[in-house]
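Everything on this sheet refers to the single structure shown next.
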Ligand SMILES: [Zn+2]
């Protein structure tokens, strides 16, 4: 058993298991939350098919964009891609293609937790392409 960082223990309890995509979502939501203070909304382009849709739970966990509050919407594009809006900013976060391919080719029930922890410790720059746009139209 791997000793999990505290945040990942709570994330695992919330989501029911710990895999790569819930951690990717967790990190995406944190990027949005760090840049946007106050009112925030998210559009997530994963669709609702697992394991990619696990991203949605990670984002709900860390960004405070939740279905219950109605400030998150899911679009069925099958992409590891989220957009956050608020504070006059639009933050676009996309998982790098090579990381997505690596996850999809290596994850299994036996390896998912190990891969999740490795991803948790990686720098955001290594994992994501982040674009920040100033906007008066959103948020
Ligand atoms: Zn999951």
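The table for this structure:
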item	result
Residue in the stretch 57-64 that is outside any helix (DSSP H, G or I) and more than 14 Å from the ligand (Cβ to nearest atom) present	yes
Flag for residue 50 being farther than 19 Å from residue 120 by Cβ, surrounded by fewer than 17 Cβ atoms within 10 Å (Cβ to Cβ) and within 14 Å of the ligand (Cβ to nearest atom)	yes
Subset tally (residues that are modelled with pLDDT of 95 or more, within 16 Å of the ligand (Cβ to nearest atom) and surrounded by 16 or more Cβ atoms within 10 Å (Cβ to Cβ)) for the stretch 1-46	18
Which listed residue, of 79, 69, is within 14 Å of the chain's Cα centre (by Cα), surrounded by fewer than 20 Cβ atoms within 10 Å (Cβ to Cβ) and more than 17 Å from residue 8 (Cα to Cα)	79
Of all residues making up the stretch 88-120, the number that are over 14 Å from the mean Cα position of the chain (by Cα) and free of Cβ contacts under 8 Å to residues at least 60 places away in the same chain	15
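Here is a yes/no grid of residues against (1) part of a helix (DSSP H, G or I); (2) within 22 Å of residue 5 (Cβ to Cβ):
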{"position": "55", "(1), (2)": "yes, yes"}
{"position": "68", "(1), (2)": "no, no"}
{"position": "98", "(1), (2)": "yes, no"}
{"position": "101", "(1), (2)": "yes, no"}
{"position": "115", "(1), (2)": "yes, yes"}
{"position": "131", "(1), (2)": "no, no"}
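The values are calculated or read from the model by the stated rules, or taken from the named source; none is laboratory data. A quick note: this is a predicted structure, and the numbers were derived from the prediction, not measured. Neighbour counts are summed over all protein chains in view; Cβ atoms, including those assigned to glycine, are modelled from backbone coordinates with ideal geometry.
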